[in-house]
Amino acid sequence: MPNSIPHLLLQEQFLNRFNGRTLIVHRGFPDQYFKELLEQPGGGGHFRIDVRIPPGTPPTPIEWVVHQHVIPLDLPMPLLVKVDPDCLYLRHLLHGEHVGHPSEILWMLDAIRERYHMRLERQQGYYQPVPGMPVEENDLDYDFNND
């Protein structure tokens with residue numbers, strides 16, 4: 001395959017770039033959501049990837065992760081992804097049918113290693129999905145402390 005990049009290399013490049021970062025995977029934002037997100041502390045620091053844009057050939061490392069490992073899980077979007085060296089923690093941002101306020105992202109991140117909808121465990125060149133809390137559950141725990 002002339003446009004093929006080994007999956008292990010894509011995974012390493014992804015982690016080199018995004019380890020410790022937060023991604024927001026989405027299919028567009030509701031009106032004013034993006035503006036409100038940028039007004040939140042750290043809101044501009046989340047890397048946003050719009051899955052309506054098809055991956056390149058070959059895909060970039062983030063396109064490979066999102067299109068090969070995140071989208072097939074069929075979780076609601078927008079989706080928060082916390083990148084750690086050994087796992088990706090995924091949690092959607094919906095409350096029922098509506099996207100929660102951008103100020104809730106920091107609360108979700110505080111508890112994401114314990115309260116996630118899916119965890120993707122790093123393997124050699126791929127990610128193994130491990131279910132977390134039910135997709136219907138997404139209440140915030142304002143008393144949670146992850147220290």
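Taken together, Arg52, Arg27, Arg48 contain a single residue that is among the basic types (Lys, Arg) and within 23 Å of Ala111 (Cβ to Cβ), which is Arg48. State all residues of the range 99-147 that are among the aromatic types (Phe, Trp, Tyr) and modelled with pLDDT of 95 or more; if no residue qualifies, say none. If the condition is that a residue be among the aromatic types (Phe, Trp, Tyr) and modelled with pLDDT of 95 or more, then Tyr116, Tyr126, Tyr127 are the ones that fit. Consider only pairs whose beta carbons are under 9 Å apart and that are at least six residues apart or on different chains; among these, list those whose first residue lies in the range 116-130 and is within 14 Å of Val81 (Cβ to Cβ) and whose second residue is among the β-branched types (Val, Ile, Thr) and outside any strand (DSSP E or B). Between residues of the range 116-130 that are within 14 Å of Val81 (Cβ to Cβ) and residues that are among the β-branched types (Val, Ile, Thr) and outside any strand (DSSP E or B), the close pairs are His117/Val135; Met118/Val70; Met118/Val135; Leu120/Val65; Leu120/Val70; Tyr127/Val65; Tyr127/Val70. For Glu36, the conditions (1) in a strand (DSSP E or B); (2) in contact (Cβ under 8 Å) with a residue 60 or more places away in the chain; (3) not hydroxyl-bearing (Ser, Thr, Tyr) all hold with the exception of (1).
Here Glu63 qualifies as acidic (Asp, Glu), within 30 Å of Leu8 (Cβ to Cβ), surrounded by 15 or more Cβ atoms within 10 Å (Cβ to Cβ) and under 14 Å from the mean Cα position of the chain (by Cα). Being over 21 Å from His7 (Cα atoms) and in contact with a strand residue (DSSP E or B) (Cβ under 9 Å, 6 or more places away or on another chain) narrows it down to one residue among Ile71, Ile105, Ile62; which is it? Going through Ile71, Ile105, Ile62 in turn, the sole match is Ile105. Checking the structure you have, find out if any residue of the range 121-141 is among the β-branched types (Val, Ile, Thr) and surrounded by 13 or more Cβ atoms within 10 Å (Cβ to Cβ). Yes: the range 121-141 contains one or more residues that are among the β-branched types (Val, Ile, Thr) and surrounded by 13 or more Cβ atoms within 10 Å (Cβ to Cβ). Among residues belonging to the range 66-92 that are in contact (Cβ under 8 Å) with a residue 60 or more places away in the chain and part of a loop (DSSP other than H, G, I, E, B), point out the one that is surrounded by the fewest Cβ atoms within 10 Å (Cβ to Cβ). Across the range 66-92, the extreme among qualifying residues is Pro85. In summary, Arg113 fulfils each of the numbered conditions (1) part of a strand (DSSP E or B); (2) free of Cβ contacts under 8 Å to residues at least 40 places away in the same chain with the single exception of condition (1). Quick check, is Phe47 more than 21 Å from Gln13 (Cβ to Cβ) and in contact with a strand residue (DSSP E or B) (Cβ under 8 Å, 6 or more places away or on another chain)? Here the answer is no, as Phe47 does not meet what is asked.
When we screen Ile53, Ile24 for residues that are farther than 18 Å from Val99 by Cα and not acidic (Asp, Glu), the only hit is Ile53.
The values are calculated or read from the model by the stated rules, or taken from the named source; none is laboratory data. The model shown is predicted, which means the values in this text are computed figures rather than measured ones. Methodologically, a virtual Cβ is constructed for each residue, glycine included, from the backbone with ideal geometry; neighbour enumeration extends over all protein chains shown.
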